[in-house]
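J.: Encoded as structure tokens, here's the structure I'll be asking about.
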Amino acid sequence: MSQDIKQKIADALQVFSKGNLFDHGIRLFTTLGYVTERQAPLYKKTKEEFREAFISSDKRFDEAKAKLADWKYVDLLFQLTKEEVLKQTSLFDTKKVQNTIIEAYLFFTIELTKTHYSRTELSLITREVNNLFPMPAMILFRHGKTLTLSVINRRLHKRDDAKDVLEKVTLIKDINIESTHRAHVEILFDLSFDQLKSKFQFTNFVELHNAWQKTLDTKELNKRFFSELANWYFWALGCIEFPNDRGVPEIDNMRVSLIRLVTRLIFVWFLKEKKLVSADLFDSNKVKTLLKTFNPESEETGDYYNAILQNLFFGTLNQPMGKREFAKDGDDYYKNDHGVKSHYRYADKFKSSNKSEIIDLFADVPFLNGGLFDCLDKDNDETKKHEYVDGFSRNKKKSARVADVVFFGKPRAVDLTADYGYKKNKETYRGIFHIFNDYKFTIEENTPIEEEIALDPELLGKVFENLLAYYNPETETTARKQTGSFYTPREIVNYMVDESLIAYLKTQMLEDKPAWLQLGNLQTELFGNEVRKGQLKLEQSLNKSRWKGKEEELEANLRKVISYSNDEHPFTNEDDIQQLVYAIDHCKILDPACGSGAFPMGVLHKLVYVLSRLDEKMSVGVNYKKEKHKRKLTKH
């Protein structure tokens, strides 16, 4: 039954490639189980008609942020109210949740002129449209050959029940119309009425709304992904062999080697999503045409890992373009393994005898110049022996073995009770690429105000830490303590970022104005090059910080300017804005325990956001840069 619905969803998406956008939108939501007769389509379906119908003088609507000029088509699909839902279940009533009465959704469809829009651009359009209505307005965008469903949550203002606050925008982004990603079909299926009803057993409209929010929570997505990955991890331990020249306990060596492998694979999968690595390298049908020995269901054969993945990791991603070549053969056949670890190996495992053709398989893959893909087979300076860790060797006694089933195996039932330490006798294991293919990956990290339903780079840190927790089954923490591998949750990172920036900006604003802002420097045009004596005292007083003695007010204003809000920021004084821009330009961030870089990236996101609020048109920043450059030229 579920497969039939998923196929209908895929079919409903494909018809969007041409034809009437309104009819296709209605068909899609009907397929998802949202049936309503409350339809009020626009007549002309133009932005001009939308403006006339919904944008009045007393409504906040920024046409630039909404990219109204890019609206090629707009229509109101339908309004879903509790009455419509009552037709599908007799248990509905209206209740409050989080101080919000939710009685209806509006569903719009908008076609945009360009083929690609960033997550932020689509989020801003969604926010501006929602400024016009008292209930959540969901938008189905069509841009190029893709669709994006944008969903917003809103709550009542804490101090004013007459107002509400637009919260996070969540997007199911870039749904390919012609070849829909399996993950997008799965997400839409999870949002279907019957599936939500079965899972959450909601009894009123508010609970339906909460079911939507729960389903569109990336925490749940990450949790589901890691649950599958953990099953894979325990099963795969029995299908791998790695050299152990360092003499650690064998099970520990296997666990660490497998964690290292999955970390590398996830990173490569992000590259694949950016089309920097060919998807053919992970397609079993394509791989079968490349390798002499390949059996995706075998727990014994392992040519895929050696011939494809090790050459990708160490011979490609760890070697500059133009320098990629095979290790030389000859009398010192194995001796060559001890030298450069970024040369290709295993030519004998490929069907083609032409090494140039094999190298071409990886030709477009970039050189990353990062430690993740360093081969760890190296000489030990103390023992003067070559130690094999990754097993990138043609010497079978020193090479790694990873069965093909680890990557391509079809689902099968397994008993993992012994691995987990509690009853887990009906688990499912499948090849890791099948798991990856069921999820959408994105390289854009989510923020508190906009979130794509996809696995983002934050996943790397979480997977690494959580798998390390299994490294020592007795405490589930020892391995993390030994390596210092503790991943900070995004909520804590956001708190650290906000408090750090407030402390820094507050200190800067309480200082006297920096030299470039002082009268007689940037503003010489007001007084001429010769500063008159009578104005010297005036300048000195004007250059003093006006916030001294008003620290609480300053901090409150700073908290408003860094908060994700639609309200205007409180800094209206031009000097204040200039000084804040100057402070941001001179801000230095140090994170000694950088790890996955969550804190520096969080600061970067927040600084960009604050600048966009303070200096939306970049006029202050441009003037400052010009002055800074002019002073630099004068100095030299």
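J.: I want the local charge near Cys239. Using Cβ-Cβ distances under 12 Å, sum +1 for each Lys or Arg and -1 for each Asp or Glu among the other residues. Walk me through the intermediate numbers first.
T.: Details: positive: Arg401; negative: Glu241, Glu297, Glu299, Glu300, Asp404.
Net charge around Cys239: -4.
J.: Let me ask something else about it. Could you tell me the distance between the Cα centroids of the stretch 243-289 and the stretch 185-208, to the nearest Å?
T.: Each part's Cα centre sits 36 Å from the other's.
J.: Testing the spin-label approximation: label points 7 Å from Cα along Cα→Cβ at Asp348 and Lys44. State their distance in nm.
T.: About 7.5 nm, to one decimal.
J.: Between Arg246 and Asp4, 0.36 nm times their residue separation minus their Cα-Cα distance comes to what? Numbers along the way, then the final one.
T.: Working: separation 242, 0.36 × 242 = 87.12 nm, distance 5.29 nm.
Separation in residues times 0.36 nm, less the Cα-Cα distance, equals 81.8 nm.
J.: Please calculate how many Å² of accessible area the stretch 1-77 carries per residue, with a 1.4 Å probe and no DNA, RNA or ligand atoms counted.
T.: Per-residue accessible area for the stretch 1-77 comes out at 58 Å².
J.: Check which residues have an amide H placed less than 5 Å from Glu450's amide H, if you skip close sequence neighbours.
T.: Under 5 Å from the amide H of Glu450: Val169.
J.: Spin-label point model (7 Å from Cα, Cβ direction): what's the Glu555 to Gln201 distance in nm?
T.: 4.7 nm
J.: Would you mind checking the pairs Lys548/Lys606; Lys323/Lys355; Lys44/Lys173; Lys47/Lys114; Lys506/Lys544; Lys18/Lys65 and listing those with alpha carbons more than 18 angstrom apart? Please report the intermediate quantities before stating the final value.
T.: Values: Lys548/Lys606 26 Å; Lys323/Lys355 14 Å; Lys44/Lys173 27 Å; Lys47/Lys114 16 Å; Lys506/Lys544 15 Å; Lys18/Lys65 28 Å.
Checking Cα-Cα distances, Lys548/Lys606; Lys44/Lys173; Lys18/Lys65 exceed 18 Å.
J.: A further question follows. Where the accessible area of the stretch 290-444 is counted over protein heavy atoms with a 1.4 Å probe, how much of it, in %, is carbon and sulfur?
T.: Details: 3560 of 7650 Å².
Within the stretch 290-444, the accessible surface is 46 percent carbon and sulfur.
J.: While we're here: Can you give the FRET efficiency for Glu511 and Lys223, using 1/(1 + (r/R0)^6), R0 = 56 Å, r = Cβ-Cβ distance, to the nearest 0.05?
T.: On the way: r = 46 Å, r/R0 = 0.82.
In this case the efficiency is close to 0.75.
J.: List every residue whose amide H lies under 5 Å from the amide H of Leu455, counting only residues 5 or more places away in sequence or on a different chain, with H placed 1.01 Å from N in the peptide plane.
T.: Lys440, Phe441, Thr442
J.: Suppose R0 equals 30 Å. What FRET efficiency, 1/(1 + (r/R0)^6) with r the Cβ-Cβ distance, do Thr572 and Lys544 give to the nearest 0.05? Don't skip to the answer; put the middle values down first.
T.: Working: r = 19 Å, r/R0 = 0.64.
Using R0 = 30 Å, I get an efficiency of 0.95.
J.: Name the long-range amide H neighbours of Lys72: under 5 Å, sequence gap of 5 or more, or other chain; modelled H, no Pro or chain starts.
T.: It is Glu111, Leu112, Thr113, by chain and number.
J.: Another question, then. Please tell me which of these pairs span more than 25 angstrom C-alpha to C-alpha: Lys8/Lys219; Lys292/Lys440; Lys286/Lys397; Lys219/Lys288; Lys341/Lys398; Lys214/Lys272?
T.: On the way: Lys8/Lys219 28 Å; Lys292/Lys440 32 Å; Lys286/Lys397 29 Å; Lys219/Lys288 36 Å; Lys341/Lys398 14 Å; Lys214/Lys272 29 Å.
Check vs 25 Å cut-off fails for Lys8/Lys219; Lys292/Lys440; Lys286/Lys397; Lys219/Lys288; Lys214/Lys272.
J.: What does the net charge come to around Asp438 if you take all other residues with beta carbon closer than 15 Å to its beta carbon, with K and R at +1 and D and E at -1?
T.: Working: positive: Lys6, Arg182, Lys223, Arg224, Lys272, Lys410, Arg430, Lys440; negative: Glu186, Asp190, Glu220, Glu228, Glu273.
Here the charged neighbours net out to +3.
J.: Any idea of the accessible area per residue across the stretch 103-148, 1.4 Å probe, to the nearest Å²?
T.: Details: 1260 Å² over 46 residues.
Roughly 27 Å² per residue, with all protein chains present.
J.: Another question, then. Give me the net charge for the shell around Lys272: Cβ to Cβ below 14 angstrom, other residues only, Lys and Arg +1, Asp and Glu -1.
T.: Details: positive: Arg264, Lys274, Lys275, Lys286, Lys440; negative: Glu273, Asp280, Asp283, Asp364.
Here the count lands on +1.
J.: Probe of 1.4 angstrom, ligands and nucleic acids ignored: what's the accessible area per residue over the stretch 374-465, in square angstrom?
T.: Working: 4050 Å² over 92 residues.
Normalised by residue count, the accessible surface of the stretch 374-465 is 44 Å².
J.: Given R₀ = 41 Å, FRET efficiency for Glu63-Leu276 by Cβ-Cβ distance, to 0.05? Display every interim value, and only then the final one.
T.: Values: r = 36 Å, r/R0 = 0.89.
Approximately 0.65, to the nearest 0.05.
The values are calculated or read from the model by the stated rules, or taken from the named source; none is laboratory data. Owing to the predicted nature of the structure, the values given are computational and were not obtained by experimental measurement. Don't worry about glycine lacking a Cβ; one is built from the backbone with ideal geometry, like all the others, and counts go over all protein chains shown. Accessible surface is based on the protein model in full, side chains and every heavy atom, while ligands, DNA and RNA are left aside. Shrake-Rupley method; radii C 1.70, N 1.55, O 1.52, S 1.80 Å.
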